[in-house]
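Where a number appears in this text, it was derived from the coordinates with a stated rule and is not lab data. Because the structure is predicted, anything quoted here is derived from the model rather than measured. Every residue, glycine as well, gets a Cβ built from its backbone with ideal geometry; the counts of neighbours run over all protein chains shown.
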Amino acid sequence: MGSNIKTSEPATFTVTPFTRHSPDYPKKDNPQWKRCNCRKSLYIYEDGKVTYVSAKTRSWEQAERAAQVARDLKDPVKIELAKMEARKAAKDCKLEDAIDQWIAGQKGRGIATQKAYETFKRTTMKWAVSKSIVNLSDVTPDALDAWVATWKDKLGTQGLRVSRVRSFFRWAHGLRKMDENPAPMLRSFKATREDEREQTQPLTAAQFDELIAATYKYDDGRRVDKDRFGVDPRALFLTQRWTGLRISDVLMLPRSSVRGNRIAANMQETGVPFEQVVPVAVTQALAAVPVRKTMHEDQYFWSRQCNHRVLAGMWTPRIRRMNKYVRFKDDRGRPMKFRSHMLRDTFAVELLLAGMSLDKVSKLLGHKSTRVTEKHYAPWVKARKRL
């Protein structure tokens, strides 16, 4: 019966154990003498090059085993057998077991990051079950690409999800749990592309009041005290409305940055310093946010154990939940979903309509140039000129 294992002509390679005798040992001239307690080493000859390494033992039997291990690492037959075993193990590796092992290796990355990985597992397994995928070997590039095409998150969120999918399958392939990595060709998502930007949509004064009222309604619908955290989004929304900061900047705002009615911090994406006087209602709302055990003592909303993108992603479902309590409509009377960025738009548009210069509004928003500001708020700039 023939073997299907392909081998090539082996290179010149030998490994032989020998004894390094003590200078005063009677058999010091016989390096192959086995019955002694002298140190054992390995003589390695490979393609004309000689190397001596310690066998890290004084036992001839253990030295011989070490030599055999070294030979096996160069044996083409055993190398191919190991690959075959790895492929067999990959076919038997459960997707869920692999995800659990991957998540377990993320220890020490903070509660927020752990929750993000748990969300990854939940969404991935929901998809896998719907496609009858059980083992890692069942995941194909086509299946992954088709799954990504069904995602309806914001582009920034989709980008984070794609990066985690890539990271997981790169890890699984690196541990030889899979023959091939099915994820490297997944397309990236960038929210900065001009044709993918969300429409600028400021809130009216009535809509903003409705949003703040929704934070109280949210608490009324909670049965357990620990789930009543309407005070958190209330402070978040008020701060965004009166500072124009991005959600990630407010979520990472330290308590020490609020002094009196003045807020000073650095913007996360640009590093631009920010300092502004705000209404008393904003500082009162921030002061009402309790110090929670899961947060850093100098933070309102952040544990300091994840980056700003992960933190903003964690808050996305909470913000979406507010749409249960508001009934927003756009200027054409069509239903409109609330997004936190609308508060940044509201801040900018109100200032422009009040007569503030485009240059000053641009600086308050932390834009790199007035062109960026005008690109987003051109209709309101024109409306101001008509006043």
Quiz item: Using 0.36 nm per residue, how much length does the chain from Asn181 to Ala143 gain when fully extended, once their Cα-Cα distance is taken away?
Solution: 12.4 nm
Practice problem: Select from His367, Pro31, Gly159 the residue farthest towards the positive end of the dipole of the chain; place +1 on Cβ of Lys and Arg, -1 on Cβ of Asp and Glu, and compute about the Cα centre. | Solution: His367
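With r defined as the distance between the Cβ atoms of His296 and Cys38 and R0 fixed at 45 Å, what FRET efficiency is calculated, to the nearest 0.05?
My answer for the efficiency is 0.15.
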Quiz item: aspartates and glutamates within cross-link reach of Lys34: Cα-Cα under 14 Å, excluding same-chain residues under 8 positions apart?
Solution: Glu61, Glu64
Self-check item: Whole-Hz couplings from phi, Karplus 6.51/-1.76/1.60, listed for segment 125-140; x for Gly and Pro
Solution: 5, 4, 5, 4, 4, 5, 9, 6, 8, 10, 9, 4, 5, 7, 7, 10
Quiz item: Which whole-Hz couplings ³J(HN,Hα) result when phi for each residue of segment 49-55 is put into the Karplus expression 6.51 cos²θ - 1.76 cosθ + 1.60, θ = phi - 60°, listed in order with x for Gly and Pro?
Solution: 10, 9, 9, 10, 9, 6, 7
Self-check item: Placed amide H near Arg39: partners under 5 Å, 5+ positions off or other chain
Solution: Arg20
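Which value in deg cm²/dmol, rounded to the nearest 500, describes the helix-derived mean residue ellipticity at 222 nm for the chain, given -39,500 (n - 2.57) per DSSP H run of n ≥ 4 and division by the residue count?
-15000 deg cm²/dmol
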Quiz item: If you add up the charges near Val129, with Lys and Arg at +1 and Asp and Glu at -1, over every other residue whose beta carbon is less than 15 angstrom from its beta carbon, what do you get?
Solution: +2
Exercise. Let me know the shape class of segment 280-331, please: from the alpha-carbon gyration tensor, a ≥ b ≥ c as square roots of the eigenvalues, rounded when a/c is under 1.5, otherwise prolate if a/b is greater than b/c, or oblate.
Key: oblate
Practice problem: Quote the relative contact order of segment 205-386 in percent (integer), defining contacts as alpha-carbon pairs under 8 Å separated by 6+ residues. | Solution: 22 percent
Quiz item: Can you run phi through the Karplus equation (6.51, -1.76, 1.60; θ = phi - 60°) for segment 32-45 and list ³J(HN,Hα) in whole Hz, with x for Gly and Pro?
Solution: 8, 5, 9, 8, 8, 9, 7, 5, 9, 9, 10, 9, 10, 10
Practice problem: Find out how many positive minus negative residues lie around Gln62, taking Lys and Arg as positive, Asp and Glu as negative, among other residues whose Cβ is under 12 Å from that of Gln62. | Solution: +4
Exercise. Could you tally the net charge around Thr316, taking each other residue with its Cβ under 9 Å from the Cβ of Thr316, Lys/Arg +1 and Asp/Glu -1?
Key: +2
Quiz item: Extent of segment 205-386 along each principal axis, from alpha carbon coordinates, in Å, largest to smallest?
Solution: 52, 38, 29
Quiz item: Three principal axis extents, largest first, for the C-alpha atoms of the chain, in Å?
Solution: 104, 54, 48
